[in-house]
Amino acid sequence: MAGDDMFPIAPAADEKKNQVIRYTTDLGCGCLFTVTVGCMVALSVLGFFIGDTKRLTHGLDYNGRLCGEGQMANKSYLYYCGFLERNGDYPKSLNYHSKSCVETCPNSTEDKIACVLPEFVNTTMLGAGKQNNLTFDSTFDIQITQSVVYQTSYPTELHLGRYCVPKQTSENDLYSRVLNGPLKKVTQINDTVQSFKRGWPVVLTLVILAIGLGLAYLLVLKRFAGILIFISLWCGTVLTGLGGLFFSIGIFFDPYNELGWYQQSSPCFLLTPGPEARVWSAFIGAIFFMVCGCMYISVKNEKIDESIGIIYATVDCIMGSSAGASFLVQPLTQACLGTFLTLVLFYGGMLIYSISEIDHNFISMNGLWVPKEPYARELMAKEVHPWYWQTALTVYVVGAVWFMLTLFAFFQFVIIYAVCDWFFLENTLEDNPEAKNLPAALAKRKGKSVKVNTREGGKRGYMTTGVDGTQVVHVQDPGRIPDKIAVKQKLPLCIMTKGIFVGLRYHLGTIALAGPAIVAFAPFRALSEVLKTFAGVGEDDEEGLDQERWKFLLFGGFRLLATLLDETCGRYSVTMLADVVLRSTNFSTASNDAYDFILDAGGAVALLHGVTNNFATFGAIIITLFCALLSEILLETIPVFSNTTSNLYVPSPGMMTLVVAILAWGIGTSFLSLFTMSADTLLFTFAYARDNYAENLSDFLPGNLQPLVQNEIEVAPTLVLQPQSRNQWKRLHHTAAKYTEQLTTSVHNSIKQMRGTSEGTPLLSTGGLRH
């Protein structure tokens, strides 16, 4: 490395054409991103000084006082007063503006609760009169009277640890009115905040567990790649199917029973109270089952053996002796920093959301508020937000999403930078442990006897344990095993720091654009992979489909749609960041050139690029579902969190499970994306180095990558990775033309068959015709 502005290697003095000068890309977007983050910080500081998160977790009585705080310190529960007309033990309707704080929720009609009555307006027209040198012709007298009275209570039950709601009874529907009225949105926010404040020990514990599982997955992958991938694929498929079953059974549960175990566990019932919860449960369950079906087909057609080579090469990169702990520290840092910043952003959002004030001004005449007097104060008050509140909240939410997407894209950039740097480290020749172990294994015949398929045919060999503990297969052909192997030099420990500096200094704007684009187009890229999986099934049975032409056309349609999605959405993937690292390109150039370069490179690069994505996705699913299930079990079974009388009672365990699932997914993907991005970056960097540094490629080509690309080292890709005009729709046009040809052929064949059937049964018999 020649300096911070040089990448990936320092070329000789006479090779200036290969020198890459790094420059700032997408500066405008970088400035906009910086301003947005600055506004988020300013709004959070404003909320810290004038907001109060207790307003989100405590009810407000009719006078604007917080239940459980200040004057109401011993009255922690909010009670809705009723109107004067009653039907048995209950009022006919509730006055949602008349709310009082109570010590305990009344269970009968024996309590007396202070409630504010609706205002009473009395008007009187007064006649003429005289007072203090003033002569009145007429006077319109208005008297507004409002009183606080002690009202007879009605039977209630505690709801989510804060609210006294009418008991469920067949006599009235007051319970459902409250839940779908004033508490429909307020409860969701208050409940989430309160659960988060009390259940954070469980969240923290499971975050640490997710980090451990991600690290363990990589370590096990190093030694038992094949069996781990096989188990992960099937476990992920089964767990996804179980998730679909869990959501689907929600259609059988009562959406108004807020205290049921399922209602407390399902995010659909927590986020959408009422009948809508059933609809969302059915919809999400159907999505889970569809994903499970696609995963099953993908697993059935997954060729694990073809991926083992790139897996071992990637493991050597991120966990080999030359890398040290540089790569493993990165996902650990990413998981911890990502979790911390997520919590900080969540708290900042709470601060901004809590910006409000208590408004006592309810009386006005001719557009003018009646001035306050020292001897009188209003009884009624309400919470109001300032004029800028909605705009501030929108800016913060949009900025927070953009910030997190950019943050994860930045982490990906740093990993790719480190992989590229590792790739261009010079090799050193060391003794080959296989060459030392082979003669002893053959002489003593130690190890398990296996049959190995080679290009020269089947050979016998032995499986032994290498010096690093991995399983090594030895072929009985000592002459083909070299005495020396290429080993990378030590990767500098500061490589991650250097990647961070380069990303912030030169490519912040490009990364800020790439982050949202990668996530936004990810579902379409996943759909393309699913369609290609189905299309692959059709190709395997192409001969049998000749008899069922419609199936052949269906699979051809899958291929056409997959090509369309690839051409429009496949360009916006993590691969574009590799192009930014290697060539210092902007967002537009990187997204177009990187995608075309992979396809035009051909060979092992195009074949194996992206092949590890499924493995990482399935592993992340396992980590996520395991942590989510464990969270639900802990919050439901540990008394300190499940007992309503406990100070740490979590009113919404399902919401906390959802939070844990989101964090576990982010942590799992941070570890497993290290593996997938490293694999794809190695292939991409090899193709780039083959094109630009062919003369000294053997000096730094990783040893474990050589067997995969041995026959392609000297074969340059058909299209050089340089900015140039090209028709990005040519592949789509080719696929569409092929599909049209198949469709035309099918129609012609169908017409011929119909004609053949008609000609075989003539309408008139020709047996009696004479010539």
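Derivation of every value follows stated rules applied to the coordinates shown; laboratory data play no part. Owing to the predicted nature of the structure, the values given are computational and were not obtained by experimental measurement. We place every Cβ from the backbone using ideal geometry, glycine too, and count neighbours over all the protein chains shown.
For region 38-123, what class follows from the C-alpha gyration tensor (a ≥ b ≥ c being the square roots of its eigenvalues): rounded when a/c is under 1.5, otherwise prolate if a/b is larger than b/c, else oblate?
Details: a/c = 2.96, a/b = 1.94, b/c = 1.52.
Taking the square roots of the gyration eigenvalues as a ≥ b ≥ c, region 38-123 is prolate.
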Take the Cα atoms of region 70-186, find their three principal axes, and give me the spread along each one in whole Å, biggest first.
-> 63, 36, 31
Taking a threshold of 31 Å on the Cα-Cα distance, which of the pairs K197/K498; K112/K197; K112/K184; K197/K222 fall above it?
-> K197/K498; K112/K197; K197/K222
Mind listing the long-range amide H neighbours of Q151? Cut-off is under 5 Å, sequence gap 5 or more, other chains count too, H placed in the peptide plane at 1.01 Å from N.
-> I113, A114, C115
Arrange the peptides 412-419, 591-598, 195-202, 140-147 so that the one whose residues have, on average, the most other Cβ atoms within 10 Å appears first.
-> 412-419, 591-598, 195-202, 140-147
Would you please give the residues with an amide H less than 5 Å from that of Y77, counting only those at least 5 places away or on a separate chain, with H modeled from the backbone geometry?
-> V102
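Over region 195-269, what per residue volume does the convex hull of the Cα atoms give, in whole Å³?
Here the figure is 97 Å³ per residue.
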Read phi for every residue in region 22-29 and hand back ³J(HN,Hα) as whole Hz from Karplus 6.51 cos²θ - 1.76 cosθ + 1.60, θ = phi - 60°, with x for Gly and Pro.
-> 7, 9, 6, 10, 6, 4, x, 5
Enumerate the calculated ³J(HN,Hα) couplings along region 501-515 in order (Karplus 6.51 cos²θ - 1.76 cosθ + 1.60, θ = phi - 60°), each rounded to whole Hz, writing x wherever the residue is Gly or Pro.
-> 5, 4, x, 6, 6, 10, 10, 4, x, 5, 5, 5, 7, 5, x
